[in-house]
1. Only residues that are assigned to a strand (DSSP E or B) and either within 17 Å of residue 61 (Cβ to Cβ) or more than 18 Å from the chain's Cα centre (by Cα) (or both): list them for region 82-96, please.
2. Looking only at region 197-216, how many residues end up being part of a helix (DSSP H, G or I) and in contact (Cβ under 8 Å) with a residue 24 or more places away in the chain?
3. Scan (1) more than 16 Å from ligand 2 (Cβ to nearest atom); (2) out of contact with any strand residue (DSSP E or B) (no Cβ under 9 Å at 6 or more places or on another chain); (3) under 19 Å from residue 21 (Cβ atoms) for the single condition residue 126 breaks and write down its number.
4. Determine which member of the set 219, 194 is at pLDDT 90 or above, within 14 Å of ligand 1 (Cβ to nearest atom) and part of a helix (DSSP H, G or I).
5. Looking at 114, 123, 70 in this structure, which one is modelled with pLDDT of 95 or more, crowded, with 16+ Cβ neighbours inside 10 Å, touching a helix residue (DSSP H, G or I) at 6+ places or on another chain (Cβ under 8 Å) and within 30 Å of residue 186 (Cα to Cα)?
6. Name the residue that is surrounded by the most Cβ atoms within 10 Å (Cβ to Cβ), counting only residues in region 151-191 that are part of a helix (DSSP H, G or I) and over 21 Å from the mean Cα position of the chain (by Cα).
7. Please give the number of the condition residue 85 fails out of (1) farther than 30 Å from residue 158 by Cβ; (2) more than 16 Å from ligand 1 (Cβ to nearest atom); (3) modelled with pLDDT of 95 or more.
Ligand SMILES: Nc1ncnc2c1ncn2[C@@H]1O[C@H](COP(=O)(O)OP(=O)(O)O)[C@@H](O)[C@H]1O
Ligand SMILES: [Mg+2]
């Protein structure tokens, strides 16, 4: 039964898509059966895996709005993982779905027939707490939150946690936090290490042990349509995402893991 991980943070540019592509590819490299589902109308995860718009007829739009079977949408890649691609049509889904009953549960229902066929389903979310992100959170077992190591790192994280509580209360009581993932960590700056130290002291074991460094190879890889482990396997970016995949696998194996979640999430945001 697949473990489904939604990668969300309503802030843009924090490393969601980079994490979705590279966590998915690294899990596949570790012999896991992986499906990446792109629910961002910007479709950066789709293009970052080298899938051109002309190469597919149906996308997550067809899955969610037109109720097409997921098996008709899954595309293979050369990287040992499969993808449900996205495209710009999905941008209108919010409005088109407004009168749908159970419109937050569409993705959960859509993926349920194929959950046996994968070990991991990774969902790349748009930079908004909108209906698409709610669908991802409703379908997920766990939420992975990339946080950029910068001054306003925690801006918006408390809103995300509020949404998480609502989703737990109303649609998905089992939803866990996979972790807060520090991204674009720059060891040359005091700011990065200060932000990282703050986050670790505040959130403790909720912060992933793996930290993703700022690495130019990670930024280049999507324009070649490749995950980092194919584009530049010896880069620090590749090593760090492989390490993250191992960490996620280890979480998966722990039968009972209780992570301390602290309610006073606004405090650190205020201190920057
Ligand atoms: N660790 C990293 N080092 C360097 N550049 C990165 C790193 N992670 C992401 N980027 C770049 O930062 C930008 C935003 O990342 P992206 O993953 O698209 O964020 P999001 O999906 O949250 O909007 C992209 O240009 C991406 O290539
Ligand atoms: Mg993105």
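The values are calculated or read from the model by the stated rules, or taken from the named source; none is laboratory data. Since the structure is predicted, the reported quantities are computational estimates derived from the model, not experimental observations. We place every Cβ from the backbone using ideal geometry, glycine too, and count neighbours over all the protein chains shown.
1. Applying the first criterion (assigned to a strand (DSSP E or B)) to region 82-96 yields 82-84.
Across region 82-96, the qualifying residues are 83, 84.
2. The number of residues fulfilling the criteria is 7.
3. Only one criterion in (1) more than 16 Å from ligand 2 (Cβ to nearest atom); (2) out of contact with any strand residue (DSSP E or B) (no Cβ under 9 Å at 6 or more places or on another chain); (3) under 19 Å from residue 21 (Cβ atoms) is unmet by residue 126, namely (1).
4. Result of the check over 219, 194: 219.
5. The match here is 123.
6. 191
7. Going through (1) farther than 30 Å from residue 158 by Cβ; (2) more than 16 Å from ligand 1 (Cβ to nearest atom); (3) modelled with pLDDT of 95 or more one by one, residue 85 breaks only (2).
Conditions tested, residue by residue: (1) in contact with a strand residue (DSSP E or B) (Cβ under 9 Å, 6 or more places away or on another chain); (2) under 14 Å from residue 133 (Cβ atoms).
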{"residue": "9", "(1), (2)": "yes, yes"}
{"residue": "25", "(1), (2)": "yes, no"}
{"residue": "28", "(1), (2)": "yes, no"}
{"residue": "69", "(1), (2)": "no, no"}
{"residue": "75", "(1), (2)": "yes, no"}
{"residue": "92", "(1), (2)": "no, no"}
